[in-house]
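S.K.: Dropping the structure in here first, questions after.
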Amino acid sequence: MEIIALLLSIVFIFLAGLHFYWAIFGIKEPEAVLPTEIGSSKVKSPGKLVSVLVGFILLFFAFVFINKVLIYVDKPWVSYIPLVIGIIFILRAFGDFKYIGFFKTAKNSKFSALDTRYYSPLCLFLGALIFILEFLG
């Protein structure tokens, strides 16, 4: 089960690095990684500050799973954080029923195709790994 925790940490560190890269250098192809408004070609752009914030949140997620292996913080409430993270990723996979997730209605953009093929399955996979780690580990 330590391998799953380390794998999750590596994925979260990679995703955090990607968000920091986007904050510093910008997104080269925003229509591939950001939703497009329905009936428009305008990409919904969150900005650099939000990208940095998401990067730090993902680094925190990585720390939570590294903590399962190395145990830096040993408090009873820490055991609930992975479950919350797993719920977040499962909810992200199901989506907001408009722009993101498996049940989105906006299917008119490059992002929606990539979200259906890669982003939502990744979130579902991460959520499932987290629940496997928590309930079987």
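The values are calculated or read from the model by the stated rules, or taken from the named source; none is laboratory data. Every value quoted in this text rests on a predicted model; they were computed, and no experiment measured them. As a convention, Cβ positions derive from the backbone with ideal geometry for all residues, glycine included, and neighbour counts pool all protein chains shown.
S.K.: Across the range 112-121, what is the total count of residues that are free of Cβ contacts under 8 Å to residues at least 12 places away in the same chain and closer than 22 Å to Leu8 by Cβ?
M.R.: Residues flagged as free of Cβ contacts under 8 Å to residues at least 12 places away in the same chain and closer than 22 Å to Leu8 by Cβ within the range 112-121 amount to 2.
S.K.: Among all residue pairs at least 6 apart or on different chains, which show Cβ distances below 7 Å where the first residue, located in the range 99-111, is without any contact (Cβ under 8 Å) to a residue 40 or more places away in the chain and exposed (fewer than 14 other Cβ atoms within 10 Å of the Cβ) and the second is in a loop (DSSP other than H, G, I, E, B) and of a type in the set (A, V, I, L, M, F, W, C)?
M.R.: Within 7 Å, the pairs are Phe103/Phe97.
S.K.: Hey, among Val54, Val78, Val73, which residue is out of contact with any Ser or Thr (no Cβ under 6 Å at 6 or more places or on another chain), surrounded by 14 or more Cβ atoms within 10 Å (Cβ to Cβ), of a type in the set (A, V, I, L, M) and over 25 Å from Leu18 (Cα atoms)?
M.R.: Only one candidate qualifies: Val78.
S.K.: Has the range 16-23 got at least one residue that is over 20 Å from Ile130 (Cβ atoms) and touching a Gly at 6+ places or on another chain (Cβ under 6 Å)?
M.R.: Yes: the range 16-23 contains one or more residues that are over 20 Å from Ile130 (Cβ atoms) and touching a Gly at 6+ places or on another chain (Cβ under 6 Å).
S.K.: May I ask you to list the residues in the range 71-90 that are of a type in the set (A, V, I, L, M) and either within 14 Å of Ile10 (Cα to Cα) or part of a helix (DSSP H, G or I) (or both)?
M.R.: Val78, Ile81, Leu83, Val84, Ile85, Ile87, Ile88, Ile90
S.K.: Across the range 123-137, which residue is nearest to Gly95 (Cα to Cα) among those that are in contact (Cβ under 8 Å) with a residue 60 or more places away in the chain and part of a helix (DSSP H, G or I)?
M.R.: Taking the candidates together, the pick is Leu126.
S.K.: Would you point out the residue of the range 51-101, among those that are polar (S, T, N, Q) and over 26 Å from Thr36 (Cβ atoms), that is modelled with the lowest pLDDT?
M.R.: If we take residues in the range 51-101 being polar (S, T, N, Q) and over 26 Å from Thr36 (Cβ atoms), then Ser79 is modelled with the lowest pLDDT.
S.K.: Related question: When the range 79-137 is examined, which residues are found to be within 22 Å of Leu7 (Cβ to Cβ) and either of a type in the set (Phe, Trp, Tyr) or in contact with a Pro (Cβ under 9 Å, 6 or more places away or on another chain) (or both)?
M.R.: If the condition is that a residue be within 22 Å of Leu7 (Cβ to Cβ) and either of a type in the set (Phe, Trp, Tyr) or in contact with a Pro (Cβ under 9 Å, 6 or more places away or on another chain) (or both), then Tyr80, Phe89, Ala93, Tyr118, Tyr119, Phe125, Ile130, Phe131, Leu133, Glu134, Phe135 are the ones that fit.
S.K.: Do you know which residues across the range 39-76 are aliphatic (A, V, I, L, M) and either under 17 Å from Leu114 (Cβ atoms) or in contact with a Gly (Cβ under 7 Å, 6 or more places away or on another chain) (or both)?
M.R.: The answer is Val43, and nothing else.
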